[in-house]
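The values are calculated or read from the model by the stated rules, or taken from the named source; none is laboratory data. Note that the structure is a prediction, hence the values are computed from the model and not measured. Cβ: placed from backbone, ideal geometry, glycine included. Neighbour counts: every protein chain shown. Side chains are part of the model used for accessible areas, which takes the heavy atoms of the whole protein and leaves out ligands, DNA and RNA. Shrake-Rupley method; radii C 1.70, N 1.55, O 1.52, S 1.80 Å.
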Amino acid sequence: MSDCDRPNLPPCLRSFALRQLEMQHAHLQPPLMERAGQAAADWLLPRLQAGDRLLLLAGPGNNGGDVLVMARHLHQRGVPLHLVWLGEEARLPGDAAAALQQLRAAGCPLHTSLPPAQQWDWAVDGLFGIGLQRPLQGQYAEAVNYLHLYARRILALDIPSGLQADTGYPTGPAVRAQYTLTFLSDKPGLWTGAGQDHAGEVHIAPLLDTLSVTDGWRLDQLPARLPARPHDSHKGRFGRVGIIGGAAGMQGAALLAGRAALQLGAGRVWLGGLSPLPLDVSHLQLMQQPADTLCTQALEALVVGPGMGLEHAALQLLQQSLHSTAPLLLDADALTLLGAHPALHTTVQQRPAPTLLTPHPLEAARLLGCTVADIQADRIQHALQLAQQFKAWVVLKGAGSIVASPDGQWWVNGSGNPGLAVAGMGDVLAGMVAALLAQGMAAGDALLGAIWLHGAAADDAVAQQGGPIGLSCDEVITAARSRLNRACY
Ligand SMILES: NC(=O)C1=CN([C@@H]2O[C@H](COP(=O)(O)OP(=O)(O)OC[C@H]3O[C@@H](n4cnc5c(N)ncnc54)[C@H](O)[C@@H]3O)[C@@H](O)[C@H]2O)[C@@H](O)CC1
Ligand SMILES: [K+]
């Protein structure tokens, strides 16, 4: 087990792993589908109020089978409901066919087309789950539209129909639910890409006592803690950070990274500007050095890229920085330059010290020579590919950031909100990672910790100050500082 296997984080499984579980438990009693349908009924019952109008939509596969089981349980408990099944009996998989028979035996009425337009207090989406194979069309696309028009609250079973469970990518029309009750384990598609916009609040029905397969994890807490600081401390114990960036017109990027590094606890921080940097009067302890000196200075973390620009001087500094013996974080313009100069890739791969890459989807596309749409269609796969190609720790930023390790592990982050989608937040993140590296965290821990902290801080700031519109970098830095202290003390 590597130092980054973290069994205390919720496991997040893709379809191939879920199918393995399904095969391993094919003879379980009660069967998985019975457990899923029962769990769904148990979830909904306490949330229903007298007189609520409830619509259940069941699709042609086993996701539909879950709804048929759920409907039977609700019917047997006297809950009035309107069940629509959009499947073909001759093509029903075995478990769903058994669920249909039991439903009929229980005397629960079943309809085979959408009802006329009318309001529903609750609707259950059981059209498609992890077996989605193509964009929804015809009656299924109409059903999604119907739900959006007439349901006040939608509960999606397993995954909102039309959303890919492995990628969070909607292939066409896809349900936007208020709640998702997902079975067996968490799924990356509920968190990354468009996932959170479709899934709403995610609840997990484990169905089994333990999971016998592994894949990735959802990041929902600080994965490693910093040791408490002894009273007998001095600044030399908390590491040295260098930050190279801040070309003319973009000096703020380097300053923001520096502020974040300081406030998250780095002992000493030097900025190496590509243009003269102003004095940060609110952070007078930020020091400056010629940028090229930082490439050879002894440091615990070197950040290269925030506001660095793409001029020749920036390229030269990037080349020099690749030979630094410090853990090296390449961000922003450094990644664009790296994408444009494949000759540097081997140098990155061969660095003896850890390398961390923090691309957003466009920077990832430049590094891999593909389009942003390609990246977003499978964020996990592309993050893993980058990590392998550069032998680096990688975070693919964006909603539900994906962290990938050089040895093929991945995590999806569950913290954060759209307030982070503004200029400067990436610089703040780079500074936060550097601060954790400087204080002695290993590269993976520092990256995972900063990714989670950055999102959690934004959530705290929005909860306390309002947002997400207008969230500022300094609010996030301050909130991150207090989160880190709460997590460590
Ligand atoms: N994996 C497991 O062990 C468990 C699975 N369960 C449920 O079973 C689901 C997976 O079941 P299935 O594999 O049957 O998959 P789905 O129920 O997601 O749907 C697959 C069926 O829909 C068809 N289909 C796929 N995309 C379509 C489209 N765009 N338009 C029209 N038809 C389309 C397929 O040909 C297949 O017949 C899970 O999401 C979950 O809800 C649960 O019963 C619990 C246990
Ligand atoms: K569904």
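Things worth noting here:
- Residues that are assigned to a loop (DSSP other than H, G, I, E, B) and open to solvent by 70 Å² or more (accessible area, probe 1.4 Å), drawn from the stretch 269-292: P276, L279, V281, S282, L284, Q285, P290
- Looking across R153, R176, one residue alone is closer than 20 Å to I204 by Cβ and out of contact with any helix residue (DSSP H, G or I) (no Cβ under 8 Å at 6 or more places or on another chain). It is R153.
- Only residues that are of a type in the set (S, T, Y), within 14 Å of ligand 2 (Cβ to nearest atom) and open to solvent by 10 Å² or more (accessible area, probe 1.4 Å) were counted across the stretch 134-170, and they come to 1.
Conditions (1) under 17 Å from G64 (Cα atoms); (2) over 25 Å from the mean Cα position of the chain (by Cα), marked per residue:
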{"position": "F128", "(1), (2)": "yes, no"}
{"position": "G131", "(1), (2)": "yes, no"}
{"position": "N145", "(1), (2)": "no, yes"}
{"position": "G162", "(1), (2)": "yes, no"}
{"position": "P170", "(1), (2)": "no, no"}
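- Pairs with Cβ under 7 Å, 6+ apart, first in the stretch 81-109 and in a loop (DSSP other than H, G, I, E, B), second buried (at least 17 other Cβ atoms within 10 Å of the Cβ) and hydroxyl-bearing (S, T, Y): L86/Y140
- For the stretch 178-221, a tally of residues being touching a residue at least 12 places away in the same chain (Cβ under 8 Å) and outside any strand (DSSP E or B) returns 27.
- Contact map, the stretch 310-337: first residue surrounded by fewer than 20 Cβ atoms within 10 Å (Cβ to Cβ) and in a helix (DSSP H, G or I), second residue β-branched (V, I, T) and modelled with pLDDT of 95 or more, Cβ cut-off under 9 Å, separation 6 or more or different chains; pairs are Q319/T347; Q320/T296.
- Top-ranked residue of the stretch 111-122 - restricted to ones that are away from ligand 1 (no atom under 16 Å from the Cβ) and open to solvent by less than 50 Å² (accessible area, probe 1.4 Å), ranked as farthest from H148 (Cα to Cα): P115
- Checked against the criterion of being assigned to a loop (DSSP other than H, G, I, E, B), in contact with a strand residue (DSSP E or B) (Cβ under 8 Å, 6 or more places away or on another chain), buried (at least 17 other Cβ atoms within 10 Å of the Cβ) and not assigned by TED's automatic domain parsing to the domain that holds M23, the candidates A257, A174, A261, A266 yield just one match: A266.
- Identity of the residue in the stretch 38-60, within 16 Å of ligand 2 (Cβ to nearest atom) and not hydrophobic (A, V, I, L, M, F, W, C), that ends up surrounded by the most Cβ atoms within 10 Å (Cβ to Cβ): G59
- Options H234, H283; residue that is out of contact with any Lys or Arg (no Cβ under 8 Å at 6 or more places or on another chain) and free of Cβ contacts under 8 Å to residues at least 40 places away in the same chain: H234
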